[in-house]
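I have placed the structure first, in the form of structure tokens, so that the comments after it can refer back to it.
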Amino acid sequence: MVDYVHRLLAEGAAEIIVINDGSKEDLTYIFTELSVIEHCTVLTHDINKGKGRALKTAFEYFLKTYQHLKGVVTADADGQHAVDDVCIIARALENNENDITLGVRDFSEADVPFRSLLGNRITSFFFQFLYGSKLKDTQTGLRGIPTIELPRILELKGERYEYEINMLIYANKKNIPFNEISIQTLYFDNNASSHYHSVFDSIKIFTKLLSGFLRYFYSTILSGVIDISSFILLNNVLLVGLPLEVRIFFAIFVSRVLSSSSNFYMNRTFVFSSQNKLTHSIFKYYLLCIGIMLASYVLVASATIYMGMNVILAKICIVLLLGSISHQIQLYWVFKNDNNTKRQVIGEHNER
């Protein structure tokens with residue numbers, strides 16, 4: 001660590017912030033030695049509070065002390081992030097002050113621990129499936145973050161490793177470009193020094209990842225409740241004086257308008273955070289609704305008539321299938337931000 005900080009400063013780092021997140025007492029001498037280095041500040045947690053809290057402590061100090069700088073580069077202290085790569089991320093951040101810059105590892109290399117490979121593949125898949133952005137390394141700790149975004153990133157929830165995935169979700173929802181840059185893939189002793197808890201931390205990360213789909217699920221359920229309750233109110237109370245055929249038609253029509261309008265609003269605002277023109281999204285949304293209704297009819301009828309399935313079972317299966325398909329179409333077409341460009345600069349490390 002001491003040599004690492006000296007090398008970073010020699011390469012031109014303006015300031016170094018080191019977080020002692022409740023390390024053992026027999027390691028205190030390291031932080032004491034670091035604290036006397038010029039342009040190096042050591043901040044200490046009396047107990048281990050987790051990586052998310054450690055990053056927040058550093059960000060708070062940065063904003064109070066170094067707000068004149070363009071941004072901050074976060075790097076792990078376990079040797080995985082080479083000094084050369086930290087400098088590359090810093091230069092990329094200087095050149096792209098509005099981007100979140102990510103140091104991307106190559107997980108196809110032979111010395112990558114299986115748990116790291118599997119964890120990253122799964123989180124990358126779900127991140128793309130749920131949020132529409134393909135990131136090659138969702139768990140990288142080497143990141144360049146512009147100063148202008150730090151106040152809002154500091155407010156994000158998460159005290160451990162889930163804080164880093166929350167950061168990516170926030171950037172994606174706010175349409176902040178990701179700038180991915182290839183870095184060295186360094187692991188030592190099968191990553192034995194990592195404090196990542198395979199079960200506990202993975203559950204927290206996947207809970208955060210799935211929160212986007214849960215919002216979609218809640219929106220769908222609430223819209224269904226609005227549809228059914230408004231139909232009952234119209235058919236049984238407000239339109240009782242009309243002939244039965246007319247009453248049912250208007251009750252279905254009005255309840256569908258109310259439920260679909262509420263679903264559109266919730267999905268556009270809270271689920272997909274779309275910034276597109278309202279008229280464009282409305283046209284695409286209702287075109288999708290028509291397509292889903294036609295597909296539902298064809299598939300349910302086919303499953304019932306030609307496959308002999310129970311109509312209720314067929315309806316449930318088709319609803320689940322079309323619901324997932326509808327989520328992806330809304331993500332990638334209906335509510336996709338037109339200016340959502342994610343620059344990828346892969347392979348820079350190999351060109352050094």
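When restricted to residues that are outside any helix (DSSP H, G or I), free of Cβ contacts under 8 Å to residues at least 40 places away in the same chain and over 18 Å from Tyr161 (Cα atoms), the stretch 39-93 contains 8. The selection criterion, being open to solvent by less than 50 Å² (accessible area, probe 1.4 Å) and modelled with pLDDT of 85 or more, holds for Val334. Evaluated against (1) surrounded by fewer than 19 Cβ atoms within 10 Å (Cβ to Cβ); (2) in contact (Cβ under 8 Å) with a residue 60 or more places away in the chain; (3) within 23 Å of the chain's Cα centre (by Cα); (4) within 30 Å of Gly12 (Cβ to Cβ), Glu97 falls short on exactly one condition, (2). Of all residues in the stretch 137-181, those satisfying the criterion of being assigned to a loop (DSSP other than H, G, I, E, B) and open to solvent by 40 Å² or more (accessible area, probe 1.4 Å) are Gln139, Glu155, Lys157, Glu159, Arg160, Tyr161, Lys174.
Scanning the stretch 256-308 for residues that are at pLDDT below 85 and not in a helix (DSSP H, G or I) gives Phe272, Ser273, Ser274, Gln275, Asn276.
Within the stretch 8-28, residues that are on the phi > 0 side of the Ramachandran plot sit with their Cβ atoms under 9 Å from residues that are of a type in the set (Val, Ile, Thr) and assigned to a loop (DSSP other than H, G, I, E, B), at 6+ positions apart or across chains, in these pairs: Gly22/Ile47. Restricted to the stretch 58-77, and to residues there that are surrounded by fewer than 18 Cβ atoms within 10 Å (Cβ to Cβ) and among the polar types (S, T, N, Q), the residue that is nearest to the chain's Cα centre (by Cα) is Gln67. Going by the conditions given, is Glu33 open to solvent by 30 Å² or more (accessible area, probe 1.4 Å), among the charged types (D, E, K, R) and over 24 Å from the mean Cα position of the chain (by Cα)? For Glu33, the condition - open to solvent by 30 Å² or more (accessible area, probe 1.4 Å), among the charged types (D, E, K, R) and over 24 Å from the mean Cα position of the chain (by Cα) - is met.
Which count do you get for residues in the stretch 121-134 that are open to solvent by 10 Å² or more (accessible area, probe 1.4 Å) and either touching a strand residue (DSSP E or B) at 6+ places or on another chain (Cβ under 9 Å) or farther than 14 Å from Asn172 by Cβ (or both)? Looking only at that region, the number is 4.
Condition first: modelled with pLDDT under 85 and basic (Lys, Arg). Can you find one or more residues in the stretch 117-130 that meet it? Yes, the stretch 117-130 contains a residue that is modelled with pLDDT under 85 and basic (Lys, Arg).
The values are calculated or read from the model by the stated rules, or taken from the named source; none is laboratory data. It should be emphasised that the depicted structure is a prediction, and the values quoted were computed from it without experimental measurement. Because the Cβ atoms are built from the backbone with ideal geometry, glycine has one as well, and the counts that use them run over all protein chains shown. Ligands, DNA and RNA are stripped out before the accessible areas are found, and what is left, the full protein with its side chains, is counted by its heavy atoms. Shrake-Rupley method; radii C 1.70, N 1.55, O 1.52, S 1.80 Å.
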